[in-house]
Ligand code: HEM
């Protein structure tokens, strides 16, 4: 499937310059750096002005790709998987990518649902969809309430908490673990949380590849346990589904489900809490209204969506998009955050937070599978409502402008969310 197109050797010979049509051609924008990390919306605006709706970008190490910034173009790319497909082995840049490339956890081919295509994707995604449909939303809300209570009990007496690590990250991981039938509060749960974070969003000194291997080993153990003792959980429903997935396929897909559930839901919670704690429109209402939590959750999906960029799709053949010549095997990054704020759909600059036609859950065959956004909403809403109910006078412990975003171009979330409140002992 590797298709070394004419762009294959561009990164190695910058002096000669890339051929026309290559994403490295004509002032490609390095998709990293502090300006991008702190104020991506401004960067998207200037990229759109300078490069149009499909911009040439450079990923880590100067690897060329396209960033799809337009709402219509992201919708088109995701709706046409026969033209823009998911199997990353198509990439025409593999010859230049070292095995320890930092984005390898996202793009390195894995035989999981994420990289399958056509009928095979329908089979794999169908099993996940049905297994998730079996999750009772009221039961999930109860689990989340009890997980939230335990986490809050851990810091309520101190009057201060760093809500990102002690709450927003910890809660969806425990919820995902419980959905999949892993013992809640088990000894290795925290290790799994840490390893997932490292493999998806490695910081300085982290080893994302080693972390991913540890995640894989833990999930293999879970699948073996559920083969011998099935229960009312996502893992067991996948194992007993008539599509007859192998254990290896189930391990791969469970990792996709848990990773997909943990990181974006954690950042959705965190970004919504930030909005509630910093924006007067919400601060005035939170103690009284559930509705305002729902509005804040939806507004975040428009303006501060967790999966701000998603890598990606790979062109099946030479084609055109947004006035650009795309070569077979080129990589396209879905600019979900940019698409959500596209001036073509919001000419007045006003984002309709009450409407939910954003692309935060993507679109098309590979979009976040149907029950998942509903389950994520239950998790995020319960997390936020429980916190505000238990600690109603929660305020930021720093000035809003002191909050910093994690140095990730993929996930939008804070490095920390320090808060204070009146200490409460149960
Ligand atoms: C219970 C929580 C969640 C679960 C179980 C879940 C599960 C999944 C799975 C299995 C996929 C892969 C679909 C495929 O390739 O066929 C996926 C994709 C995706 N999910 Fe979710 N997800 C959850 C929450 C979220 C949240 C909160 C967001 C963002 C707000 C999100 C955004 C996405 C996006 C952008 C994709 C990529 C789709 C693409 O390739 O176009 N997910 N999710």
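The values are calculated or read from the model by the stated rules, or taken from the named source; none is laboratory data. Just so we're clear, the structure is a prediction, and the values are computed from it rather than from any experiment. All Cβ positions, even for glycine, are placed from backbone atoms using ideal geometry, and neighbour counts span all protein chains on display.
In this structure, residue 173 does satisfy being surrounded by 22 or more Cβ atoms within 10 Å (Cβ to Cβ), modelled with pLDDT under 95 and either within 30 Å of residue 246 (Cβ to Cβ) or within 16 Å of the ligand (Cβ to nearest atom) (or both). Note on segment 62-80: residues that are in a loop (DSSP other than H, G, I, E, B) and crowded, with 18+ Cβ neighbours inside 10 Å total 2.
When restricted to residues that are farther than 17 Å from residue 115 by Cβ, part of a loop (DSSP other than H, G, I, E, B) and free of Cβ contacts under 8 Å to residues at least 24 places away in the same chain, segment 214-270 contains 5. Of all residues in segment 296-315, those that are farther than 14 Å from residue 380 by Cα and in a loop (DSSP other than H, G, I, E, B) have Cβ atoms under 7 Å from Cβ atoms of residues that are within 9 Å of the ligand (Cβ to nearest atom) and modelled with pLDDT of 95 or more, 6 or more apart or on another chain, in 308/336; 309/334; 309/336.
Taken over segment 108-153, the criterion of being within 21 Å of the chain's Cα centre (by Cα) and more than 12 Å from the ligand (Cβ to nearest atom) is satisfied by 108, 109, 111. On the given criteria, is residue 43 within 15 Å of the ligand (Cβ to nearest atom) and in a helix (DSSP H, G or I)? Taking the combined requirement at face value, the residue does not satisfy it.
Taking residues in segment 356-379 that are closer than 15 Å to residue 257 by Cα and in contact (Cβ under 8 Å) with a residue 60 or more places away in the chain, and partners anywhere that are assigned to a loop (DSSP other than H, G, I, E, B) and more than 8 Å from the ligand (Cβ to nearest atom), the pairs with Cβ atoms closer than 8 Å and at least 6 places apart or on different chains are 366/81; 371/135; 375/135. Look at (1) outside any strand (DSSP E or B); (2) within 16 Å of the ligand (Cβ to nearest atom); (3) over 30 Å from residue 391 (Cα atoms); (4) modelled with pLDDT of 95 or more and you find that residue 328 fails only one, number (2).
Of 333, 379, all but one fail to be under 29 Å from residue 136 (Cβ atoms), outside any loop (DSSP other than H, G, I, E, B), within 16 Å of the ligand (Cβ to nearest atom) and modelled with pLDDT of 90 or more; the exception is 379. Using the structure shown, decide if residue 275 is within 29 Å of residue 296 (Cα to Cα), part of a helix (DSSP H, G or I) and without any contact (Cβ under 8 Å) to a residue 60 or more places away in the chain. Yes: the conditions hold for residue 275.
Is at least one residue of segment 93-103 at positive phi and either over 21 Å from the mean Cα position of the chain (by Cα) or within 11 Å of the ligand (Cβ to nearest atom) (or both)?
no
Of all residues in segment 340-376, exactly one satisfies the criterion of being within 19 Å of residue 106 (Cβ to Cβ) and in a helix (DSSP H, G or I), namely 372.
Are any of the residues in segment 203-212 within 16 Å of the ligand (Cβ to nearest atom) and either at pLDDT 90 or above or buried (at least 16 other Cβ atoms within 10 Å of the Cβ) (or both)? Within segment 203-212 (the criterion being within 16 Å of the ligand (Cβ to nearest atom) and either at pLDDT 90 or above or buried (at least 16 other Cβ atoms within 10 Å of the Cβ) (or both)), the answer is no, since none of the residues qualifies.
Applying the condition of being away from the ligand (no atom under 11 Å from the Cβ) and closer than 26 Å to residue 114 by Cβ to segment 342-366 and asking which residue is surrounded by the fewest Cβ atoms within 10 Å (Cβ to Cβ) yields 357. Number of residues in segment 386-417 that are without any contact (Cβ under 8 Å) to a residue 60 or more places away in the chain, within 15 Å of residue 273 (Cβ to Cβ) and assigned to a helix (DSSP H, G or I): the value is 1. For residue 107, the conditions (1) touching a residue at least 60 places away in the same chain (Cβ under 8 Å); (2) more than 30 Å from residue 235 (Cα to Cα); (3) crowded, with 18+ Cβ neighbours inside 10 Å all hold with the exception of (2). Within 22 Å of the chain's Cα centre (by Cα), within 16 Å of the ligand (Cβ to nearest atom) and surrounded by 15 or more Cβ atoms within 10 Å (Cβ to Cβ): does that describe residue 374? No, not satisfied. Does residue 51 count as modelled with pLDDT of 80 or more and surrounded by 16 or more Cβ atoms within 10 Å (Cβ to Cβ)? Yes, satisfied.
For segment 295-317, the set of residues classified as over 17 Å from residue 81 (Cβ atoms), surrounded by fewer than 20 Cβ atoms within 10 Å (Cβ to Cβ) and more than 13 Å from the ligand (Cβ to nearest atom) consists of 295 only.
Of the residues 21, 5, which is under 28 Å from residue 121 (Cα atoms), more than 16 Å from the ligand (Cβ to nearest atom), surrounded by fewer than 22 Cβ atoms within 10 Å (Cβ to Cβ) and modelled with pLDDT under 95?
Working: 21 fails: under 28 Å from residue 121 (Cα atoms).
One residue alone meets the criteria, 5.
Among the residues of segment 189-202, write down those that are at pLDDT below 75, over 14 Å from residue 266 (Cβ atoms) and within 17 Å of the chain's Cα centre (by Cα). The answer is 199, 202.
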